[in-house]
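Just so you know, all these numbers are worked out from the coordinates, no wet-lab data involved. A quick note: this is a predicted structure, and the numbers were derived from the prediction, not measured. Cβ coordinates were reconstructed from backbone atoms using ideal geometry, including for glycine residues, and neighbour counts include every protein chain displayed.
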Amino acid sequence: MANWFADMENKIPHGAVRTRFAPSPTGYMHVGGLRTALYAYLVAKKSGGTFILRIEDTDQARFVAGATEIIIDTLNEAGLKYDEGPDMGGPVAPYTQSERKETYRPYAELLCERGSAYYCFCEQGQDENDASEETEAGVQPSVNYTMEADPCRDLPYDASKVRVEAGAPFVIRMKAPHDGETTVHDMVFGEVTTQNKTLDDMVLLKRDGMPTYNFANVIDDHLMGITHVLRGSEYISSAPKYNLLYEALGWEIPAYITVSPVMRNAKQKLSKRHGDPTYNDLINQGYLPDAVLNYVALLGWSPGGEREMFTLSEMLEVFEISGISKSPAIFDVEKLNHFNSEYIRAMPLEKFAKLAEPYIRQAVKNEKLSIKAIAQILQARCEKLGDIPEKIDFFDQLPEYETELFVHKKSKTDEAIALEMLKAAKAALDKVQVWTTEHIHSTLISLAEQLGVKNATLMWPVRIAIAGKAVTPGGAVEICHILGQAETLSRIDTGIEKLA
RNA sequence: GGCCCGUUGGUCAAGCGGUUAAGACUCCGGCCUUUCACGCCGGCAACACGAGUUCGAGUCUCGUACGGGUCACCA
């Protein structure tokens, strides 16, 4: 057995910074999780270290098929490349806790042997209050949460061992000290001191032989050589217990970097249950991975200056742990929209056209129309790709519209003027030889000049006639161009008929 | 309820004892203009409260209030 422990220890890489993203496979990735992954990635890569993906699936009842794949795909899509993980292996494989089941029990037993933990034979819930029941019932958890001594805590080790070997069901609990205090050093929260008497004898090894999260985390973080542990603030009150475990095992305590949650409002965390979008939901709505990552990075972390737009590699340059905030941040879609539109506008037209194509095709089935030209008028006008279809629904078919649409005070046009303008436009556009935006533009501009009217007086009715709606992406010229000469003339005719 | 943590405009946030308290999003004006959008210019809007320390406090200390986390054989 001594050799076994030595073997485990020998695998641990030393020297470099190692961080891990350790999600539990729930079937989706939330925004807060992505942020934690990003920070873990940044902490590692900032100093040329190693970023690891570890799957925490010790709760067998919660198994979700395909959940690990979703996590892997998300990380890949977001560009958070990990160096070791379940799908690629590594020096301390395996990286999925259920596959590591055998490695936890020896440590738990070692702790029992040393008197830092004990076998507990109580029925589940026998020796404590069931917190979940009380909260579900909406009952104020009353005074009764004092730590009552577990009857098994003081059983002699040898006697317990005999019972275990005889096949009695058991769990292994940590033997938390009843006096003194424990101070946790956290790179975000500073020093947090807890009275040991408030610590409970948490379960290390469950009845089914699986470790609890609390235990597996400590064991794996050590065996995988993790130097910086990133996790959500919900774990900060358990951190003293982790420290006690590290000490009992004689292991070095890693640096803790605790991050506050991403909220949906002042009172609740972002949650799928409340209908908040997961990372995948956002992508499906047409948000760009880079934009989401950039926005999420700034929820709870600030580079200090005025700059907000960062690519992943730029973040690497400016990221500092000291910039992480202790207070929770509310997720604001409006601001995400802003980031996303900035990213959309910043990309080359070709790239945008490619991304937009499926969305354009949802509304525009006519394959003769140019995707690129449509993308061009859309690029400065959409916050997310999902906005596209409703903006361009008039291309395939001219909508039904009322002639009142032709009336526009600022453009100095009304139904009578519109009729006149459309007739003139029709004649002029009919003569255009080469149907390019340049030719259409110059034709209409000079026509307005000839007629002695403002450009808008002519452009407004033309645009209404060819689009059938008051608000359109792009102007009359661009829409004429996309529609093609024949369709443009036919739609103008329709307008003339309506007005005549 | 015990313990732990947090609190700068509606939101994200800068600020590390002396500032007219940045910036961004949202919203509202204006300009540009071929509608809308983009772009540009301008505007509204904040240190939770009370004591203390100090010549001086958003910044330090302590209380109060409010909010969060935790007290599972869930993570």
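Of note:
- Taking 0.36 nm per residue of sequence separation and removing the Cα-Cα distance, the A:SER313/A:ARG114 pair yields an extension gain of 66.9 nm.
- Remark on A:GLY85: its backbone amide H falls under 5 Å from those of A:LEU53, a criterion applied only to residues 5 or more positions apart or on other chains, H modelled at 1.01 Å from N.
- DSSP assigns beta bridges within the stretch A:225-378; of those with both partners inside it, close to 20 percent run antiparallel.
- For chain A, the mean residue ellipticity at 222 nm estimated from helices alone is -13000 deg cm²/dmol, where every DSSP H run of n ≥ 4 contributes -39500 (n - 2.57) and the total is divided by all residues, rounded to the nearest 500.
- Projected label distance in nm at A:LYS272 and A:LYS431, using a 7 Å step from Cα toward the beta-carbon: 6.5
- Look at the alpha carbon pairs under 8 Å that are at least 6 residues apart: their mean separation over the length of the stretch A:157-277 gives a relative contact order of 23 percent.
- Along the stretch A:423-431 the Karplus relation, 6.51 cos²θ - 1.76 cosθ + 1.60 evaluated at θ = phi - 60°, assigns HN-Hα couplings of 4, 5, 5, 4, 4, 5, 5, 4, 8 Hz to successive residues, with x for each Gly and Pro.
- Overall, chain A carries a charge dipole of about 1560 debye about its Cα centre when +1 sits on the Cβ of Lys and Arg and -1 on the Cβ of Asp and Glu, all other atoms neutral.
- Distance from the Cα centroid of the stretch A:242-291 to that of the stretch A:188-216 is 19 Å (rounded to whole angstrom).
- The stretch A:369-410: chymotrypsin sites (Phe, Trp or Tyr not before Pro) in DSSP coil with no more than 11 other Cβ atoms inside 10 Å: none
- Column: log10 I(q)/I(0), Debye, Cα scatterers of chain A, q = 0.07, 0.08, 0.09 Å⁻¹: -0.56, -0.66, -0.75
- Take A:73-79, A:41-47, A:174-180, A:456-462 and order them by the average number of nearby Cβ atoms within 10 Å per residue, most first; the result is A:456-462, A:41-47, A:73-79, A:174-180.
- Fraction of antiparallel bridges per DSSP, chain A only, in percent to nearest 5: 55
- Its relative contact order, with pairs defined as Cα atoms under 8 Å and 6+ residues apart, puts chain A at 12 percent.
- Additional length obtainable on full extension of the chain from A:GLU69 to A:ASN10, 0.36 nm per residue less Cα span: 18.2 nm
- Among A:LEU293, A:LEU405, sorting on how many other beta-carbon atoms sit within 10 Å of each Cβ, with the fewest leading, yields A:LEU405, A:LEU293.
- Ranking A:VAL477, A:GLN379, A:PRO177 by Cα position along the charge dipole of chain A, where only Lys, Arg, Asp and Glu carry charges on their C-beta atoms, puts A:VAL477 farthest toward the positive end.
- Exposure proxy for A:TYR157, A:TYR119, A:TYR287: other Cβ atoms within 10 Å of each Cβ, ordered fewest to most, give A:TYR157, A:TYR119, A:TYR287.
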